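Down below is the structure, laid out as structure tokens.
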Amino acid sequence: MKSIISKLAAAAALTTMLSGPAWAQVEVEWWDFLAGGDGVRMKALINQFNEEHPDIQINGTTLEWGLPFYTKVRTSVAVGEGPDIMTYHLSRLPLALEEDVLSPISSTDLETAGLTTSDFFPAAIEAASTPDGQLMAVPFDIHAIVAYYNRSALEGTDWLDADGNLTNLNSVEDMTALLTWAKDNGFSDPLSFQSEGGGGTWRVFYTLLRQQGGEMLTDGEVLAGDNMDKAVNAIRIMADWRAAGLIPEQASYEASVALFSGGKSVLHVNGVWEVPTFKDQTEADTLGFEWFANEVPQLLDQPATWADSHAFAIPNNPDMSAETRDAVLTVIGWMEKHSLDWAGAGHIPAYKSTVESAEYAALEPNATYASLAQNAAFDPRSRIAGVASPIYDAVDNLIAPAVHGFLSPEDAAQQMKEQLTSLLD
């Protein structure tokens, strides 16, 4: 009888052990700012993770993109009410360091996540690290501007090669020739982008600046030396296109997208995150033409494309339990290894194994423009740069007016230098 009781007790103990994870479920509070097509894909990833991990439950919250998100992060972390994990733009890292809102990611943390820094593109790891190399976030993607184009309209022209990719665009003059041809052939706004200011204008300006080897900040100085001339040149290129009617007047973000999808623009420069928009329109048979996207052509001295990165960050919370932190790292590792699904949102995964996979090679146009990861030009590492930073304000107040003829390129660049320099003092 005693033996039977012992066996029953052992069986009960085993049952308890097997059912333990359900009782010890760790809840992970997650914040992101992904409300568009990429947000749909992120929510699908979260749901899949939760289904596969009964011991960890992600509770996701999507907040307003931009300054509201980062303000909320700063205030919530200060009072110990932040999430356990959050998405973060790496362009905001310098500001995050100043605000002390992030928890460093150690090599032991990465091991818990099943990752190493060598799993990622070097540019993304550099952007996710402090100047002395301390990793502060885990990059999830590299997202950049690309050149969307109306492949149907360019069929049979000198600007499309045998594979249907853009070609013969090796200078500003080449691009102007294409845009002029498009204007003469009924495209009212040949090259559309968010020309009223904001992110769109900054990304085009910064790409043209970096293609000249220009730097916004060097040794703590704004537009030092010949960087001023390069900034003026970048603004002048855009202003000349506007004066010739080759880019739209004061186009909002939404209007710039509509100009392309409505057949008014032959080219559209925008982030990779609009890939789902045009794919959806193609599937719905509402676009009316064949489209594709390539890396932004090298028009000046060297290849360069504005880029940023979504990353996973852990808020600075000394009270986070080891159990929760391990759960967060499990989430990060799982997400990285499922980043092919994230690529469907147009982004280039920062996890190299995904980009090097056969599945990614079959994913178009992503696979074609993935080359831009080697030419990614991240925002200057400064507290005045990054998403929703003072540089964005300078673009709204100075560069956009200059593009539209209300200010000379020289005056715009000089005033931008003075305005931003005052914020560094």
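In the range 196-224, the residues that are free of Cβ contacts under 8 Å to residues at least 12 places away in the same chain reach residues that are part of a strand (DSSP E or B) and not charged (D, E, K, R) with C-beta atoms within less than 8 angstrom, at least six apart or across chains, in these pairs: Ala224/Thr218.
Inspect the range 234-250 for any residue being in contact with a strand residue (DSSP E or B) (Cβ under 9 Å, 6 or more places away or on another chain) and free of Cβ contacts under 8 Å to residues at least 40 places away in the same chain and give the result as yes or no. Looking for residues that are in contact with a strand residue (DSSP E or B) (Cβ under 9 Å, 6 or more places away or on another chain) and free of Cβ contacts under 8 Å to residues at least 40 places away in the same chain, one finds none in the range 234-250, hence no. Scanning the range 375-410 for residues that are part of a loop (DSSP other than H, G, I, E, B) and among the hydrophobic types (A, V, I, L, M, F, W, C), we see that the one that is most open to solvent (accessible area, probe 1.4 Å) is Phe406. Listed by first and then second residue, the pairs with beta-carbon distance under 7 Å, at least 6 apart or on different chains, first residue in the range 385-412 and over 17 Å from Leu223 (Cβ atoms) and aromatic (Phe, Trp, Tyr), second in a helix (DSSP H, G or I) and open to solvent by less than 20 Å² (accessible area, probe 1.4 Å), form an empty list.
Residues that are open to solvent by less than 50 Å² (accessible area, probe 1.4 Å) and not charged (D, E, K, R) within the range 287-303 comprise Leu287, Phe289, Trp291, Phe292, Ala293, Asn294, Val296, Pro297, Leu299, Leu300, listed in sequence order.
Is it fair to say Thr207 is closer than 23 Å to Ile391 by Cβ and β-branched (Val, Ile, Thr)? Here the answer is yes, as Thr207 does meet what is asked. For the range 168-177, a tally of residues being within 23 Å of Glu274 (Cα to Cα) and either in a helix (DSSP H, G or I) or of a type in the set (Lys, Arg) (or both) returns 1.
The values are calculated or read from the model by the stated rules, or taken from the named source; none is laboratory data. All of these numbers come straight from a predicted model, not from anything done at the bench. All Cβ positions, even for glycine, are placed from backbone atoms using ideal geometry, and neighbour counts span all protein chains on display. Just the protein is used for accessible areas: all its heavy atoms, side chains included, with ligands, DNA and RNA removed. Shrake-Rupley method; radii C 1.70, N 1.55, O 1.52, S 1.80 Å.
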